[in-house]
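The values are calculated or read from the model by the stated rules, or taken from the named source; none is laboratory data. Keep in mind that this is a model prediction, so the values were computed, not measured. Here Cβ is always computed from backbone atoms with ideal geometry, including for glycine, and neighbour counts include all displayed protein chains.
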Amino acid sequence: MVFSGFFFGLGTAIAAASVAVGMMVLGRVVIGFGVGLASSTTPLFISEMAPYKYRGTLNLAFQMAVTIGIFAAQLINYGTQNIHPWSWRISVALGGVPALCMFIGSIILPDTPNSLVNRGKLDEARAVLKMIRGTEDVDVEFEDILVASEMAKTAPNPYMSIIKRRCVPQLIIVIFLPLFQQFTGINAVMFYSPQMFQAAGQNSNDALLNTVIIGSVNVFSTIIAIVLVDRLGRRFLFFQGGAQMIASLAIVGALIKYNTDAPGNVHMAQSIVAFICIYVAGFAWSWGPLAWLVPSEISTLETRSAGMSIATCSNFLFTFLIGQCFLSMLCAMEWGVFIFFLAIVVIMTMFVAACLPETKGVPVEEVDVVLFYNHWLWGRYMAPAGGLPRDNQDAAAVSTVSLEADAK
């Protein structure tokens, strides 16, 4: 996280001072390194520091910060649009403020107990655990961390471990959740909403203002997710948000088709904005935060770093692809592009129903035992010869044997 703050600051300085396109591209590339590091390490850090009962709520603070950052950038762009010729330099340079906060804050923060135990700093790990839990009674949790760490030490390289049979369910989930998140079309909408609104008949000032409105909806909907995630569970929010996005995408597609056939209708343009906001709200309390939260929860200790790296790569690879393809798809398919995203959301919801276990309230040290051995699908795939484990103790024994076998 320290390095991500450094890359954010350095890239921002290069981009804000750029005098040629190549210099701007270089700055954006450096910022990209910061984005990749922060996106993989921050959810992991929060998962390992948070009490398991509140892990979902605290981990969603990461997505909350992202949505606030997007909203702040939209406000800055709207406020600086008429400051010629410095508007874009001001917008870019202000990115140095959060970069500095992240750099200094990451230096101040302690390492996680899990990380300290893995490096043999047991006394320091216990002290940090007592500090973040606010109690001296941490023996049970500390013992769980020790056991999980010992199991992890018997495993090979995390990238080799995650492709083993016992980790295939986690691998599938950490690849497909971020992939599906991008195929909701959310970043296409966020990237190109000004162009979409202008195409619907709005002037540039109104189009930028509507992006601010969408950003505010994104922030407040993420707050709802923070409140509900540890009460209603992950799967419920996936299902509810998916249904809301499906309905909204169908209506937006129909409205854009009607607007294309009869352009210039102000009320139609306002209706498009309204249903895009409903779509963004559904995303912001489901696939937005949960596609980051769940991969950080379902990976075992020995594969967690690899799992979050793979999830981050999957997310940004498809962010790039969708961002590059969306305008061409919009021009070629027009309103049909929203029906395309609708069909993908249907498939995503089916994937959650069939393949994703509920991670609410499950300690990260016990996730493979509690979730996957007892899952209707993954349990059949991962079950040992003697059948499924009947309780956590038996499952832990099976898990240990599997790890030792993988190591050999």
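I'd like to verify a number: residues in the range 113-127 that are surrounded by 21 or more Cβ atoms within 10 Å (Cβ to Cβ) and either touching a strand residue (DSSP E or B) at 6+ places or on another chain (Cβ under 7 Å) or of a type outside the set (S, T, N, Q) (or both), how many? Before you say what the answer is, go through the steps one by one.
So in the range 113-127, the residues surrounded by 21 or more Cβ atoms within 10 Å (Cβ to Cβ) come out as 113-114, 116-117, 125.
Within this subset, residues satisfying the condition of being either touching a strand residue (DSSP E or B) at 6+ places or on another chain (Cβ under 7 Å) or of a type outside the set (S, T, N, Q) (or both) are 113, 116-117, 125.
Result for the range 113-127: 4.
A quick yes/no check of all residues on (1) closer than 30 Å to LEU228 by Cβ; (2) β-branched (Val, Ile, Thr); (3) touching a strand residue (DSSP E or B) at 6+ places or on another chain (Cβ under 9 Å):
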{"site": "ALA247", "(1), (2), (3)": "yes, no, no"}
{"site": "ASN259", "(1), (2), (3)": "no, no, no"}
{"site": "ALA269", "(1), (2), (3)": "no, no, no"}
{"site": "ILE272", "(1), (2), (3)": "yes, yes, no"}
{"site": "ILE278", "(1), (2), (3)": "yes, yes, no"}
{"site": "LEU301", "(1), (2), (3)": "yes, no, no"}
{"site": "ASN315", "(1), (2), (3)": "yes, no, no"}
{"site": "SER328", "(1), (2), (3)": "no, no, no"}
The listed residue being at negative phi and surrounded by fewer than 16 Cβ atoms within 10 Å (Cβ to Cβ), out of VAL352, VAL346: VAL346
Single unsatisfied condition, TYR78 versus (1) touching a helix residue (DSSP H, G or I) at 6+ places or on another chain (Cβ under 8 Å); (2) at pLDDT 85 or above: (2)
From the option list THR319, THR359, THR312, single residue qualifying as part of a helix (DSSP H, G or I), out of contact with any Ser or Thr (no Cβ under 9 Å at 6 or more places or on another chain) and among the polar types (S, T, N, Q) is THR319
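Residues that are in contact with a Pro (Cβ under 9 Å, 6 or more places away or on another chain) and either in the same structural domain as PRO194 (by TED's automatic domain parsing) or over 30 Å from ARG165 (Cβ atoms) (or both): does the range 347-356 have at least one?
Kept after step one, since they are in contact with a Pro (Cβ under 9 Å, 6 or more places away or on another chain), are these residues of the range 347-356: 355.
Remaining after also requiring either in the same structural domain as PRO194 (by TED's automatic domain parsing) or over 30 Å from ARG165 (Cβ atoms) (or both): 355.
Within the range 347-356, one or more residues are in contact with a Pro (Cβ under 9 Å, 6 or more places away or on another chain) and either in the same structural domain as PRO194 (by TED's automatic domain parsing) or over 30 Å from ARG165 (Cβ atoms) (or both).
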Can you find even one residue in the range 50-59 that is under 14 Å from the mean Cα position of the chain (by Cα), part of a helix (DSSP H, G or I) and either under 25 Å from PHE3 (Cβ atoms) or at pLDDT 90 or above (or both)? yes
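Rundown of residues vs (1) surrounded by 15 or more Cβ atoms within 10 Å (Cβ to Cβ); (2) over 30 Å from ARG231 (Cα atoms), yes/no style:
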position	(1), (2)
PHE33	yes, yes
GLU48	yes, no
LEU60	yes, no
ILE83	no, yes
Qualifying residue in the range 143-157 (condition: modelled with pLDDT under 90, part of a loop (DSSP other than H, G, I, E, B) and of a type in the set (Val, Ile, Thr)): yes
Residue list for the range 267-281, filter: closer than 8 Å to GLN244 by Cβ, out of contact with any Leu (no Cβ under 8 Å at 6 or more places or on another chain) and touching a residue at least 60 places away in the same chain (Cβ under 8 Å): ALA281
Can you find a residue that is at pLDDT 90 or above and within 19 Å of the chain's Cα centre (by Cα) anywhere in the range 246-255? no
Scan the range 109-125 and report the pairs whose first residue is touching a residue at least 40 places away in the same chain (Cβ under 8 Å) and whose second residue is of a type in the set (Asp, Glu), with Cβ atoms within less than 8 Å and a gap of 6+ or a chain change. THR112/GLU48; PRO113/GLU48; ASN114/GLU48; SER115/GLU48
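Examine the range 131-143 for a residue that is among the basic types (Lys, Arg) and under 22 Å from ALA306 (Cβ atoms), and state whether such a residue exists.
Step one: list which residues in the range 131-143 are among the basic types (Lys, Arg), which gives 133.
In the following step, the residues that additionally are under 22 Å from ALA306 (Cβ atoms) were identified as none.
No, because not a single residue in the range 131-143 is among the basic types (Lys, Arg) and under 22 Å from ALA306 (Cβ atoms).
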